[in-house]
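What follows is one structure encoded as structure tokens, with my remarks underneath.
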């Protein structure tokens, strides 16, 4: 064997090792970027979910606080309990009627 053939063998071997290292580095970097992307997307989804829940809680609290105050204003601790109950029943009947009217408008 000549010196040129041995030299070509070692050049080919070195080239294969360098290509293997480059491929390994590229794959490692790609997987790292994919992991970062996945983590960022999960964080964005968590933040989005948090914002939605906070907004829903605020709106529910606003809606309920309006109803609570209207009911609380109507009730007086020293007043006639039966009269308060009758007023609440009448209000519920009005709300049912309005709800039925709304549903009928939605259907047509």
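The values are calculated or read from the model by the stated rules, or taken from the named source; none is laboratory data. Treat the numbers as computed from the prediction; the structure is a model and nothing was measured. Neighbour counts are summed over all protein chains in view; Cβ atoms, including those assigned to glycine, are modelled from backbone coordinates with ideal geometry.
Figures for the structure shown
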| quantity | calculated |
| --- | --- |
| Given (1) at pLDDT below 90; (2) in a helix (DSSP H, G or I); (3) exposed (fewer than 10 other Cβ atoms within 10 Å of the Cβ), number of the condition residue 77 does not satisfy | (2) |
| Matching option when the condition is at pLDDT 95 or above and over 30 Å from residue 91 (Cβ atoms), among 50, 54, 21 | 21 |
